[in-house]
Amino acid sequence: MAELIALLIFLVSLLGLIHILHKKAPILAQMPDIHEGMLNEGVFERWVKKIKDIQFDKLVFLKALSKTRVFVLKAEKIIDNHLQKARKRIAKKQSEKDKPV
């Protein structure tokens with residue numbers, strides 16, 4: 001039964017994919033190989049261009065904020081662990097103190 005359902009889902013998906021490709025193939029065939037904004041630039045040239053466009057003062061500021069956030073979260077976790085241990089110790093001492101001997 002599960003195999004039949006899986007096969008049915010697969011066939012419906014395959015038919016949907018074929019339908020979409022049939023509708024979009026003529027449009028894709030009409031598209032030019034190279035767009036105006038994409039003139040045979042290599043990967044390295046595009047990376048250099050992106051790096052030059054970045055304003056480094058903002059980048060440094062964002063990195064500093066991210067590192068500060070991580071530091072604060074780590075400190076908060078450490079403090080939380082110490083508080084939990086202290087609460088357990090206090091509760092244990094209170095339970096020992098309240099026990100009649």
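Values in this text are rule-based calculations from the coordinates and carry no lab data. The model shown is predicted, which means the values in this text are computed figures rather than measured ones. For neighbour counting, all protein chains shown are included, and Cβ atoms are generated from backbone atoms with ideal geometry for every residue, glycine included.
Projecting the Cα atoms of 22, 91, 68 onto the dipole axis of the chain, where Lys and Arg carry +1 and Asp and Glu carry -1 at the beta carbon, places 91 farthest toward the positive end. Between 23, 74, 49, the residue with the greatest mean-square fluctuation in the GNM of the chain (Cα pairs under 10 Å linked by springs) is 23. Using alpha carbons only, what's the Rg to Rh ratio of the chain with Rh from Kirkwood? Answer for the chain: 1.41.
Of all stretches in the chain that contain no GluC sites (Glu not before Pro) in a DSSP loop with at most 14 other Cβ atoms within 10 Å, the longest one is 42-101. Here region 55-101 is treated with +1 on each Lys and Arg Cβ and -1 on each Asp and Glu Cβ, and its dipole about the Cα centre works out to around 200 debye. In the chain, the DSSP-assigned H stretches of four residues or longer account for a calculated mean residue ellipticity at 222 nm of -29500 deg cm²/dmol, using -39500 (n - 2.57) per stretch and the full residue count as denominator. Candidate membrane-span-like segments in the chain, meaning DSSP H helices with Cα atoms spread over at least 27 Å of their own axis and a Kyte-Doolittle mean of 0.0 or above, are 2-30, with no membrane implied. For region 55-101, the Cα gyration tensor yields ellipsoid semi-axes of 46, 4, 4 Å (square root of five times each eigenvalue, largest first, whole Å).
When +1 charges are put on Lys and Arg Cβ atoms and -1 charges on Asp and Glu Cβ atoms, the dipole computed for the chain relative to its Cα centre reaches about 1260 debye. Maximal additional length on extending the residue 91-residue 68 stretch stands at 4.9 nm, based on 0.36 nm per residue less the C-alpha distance.
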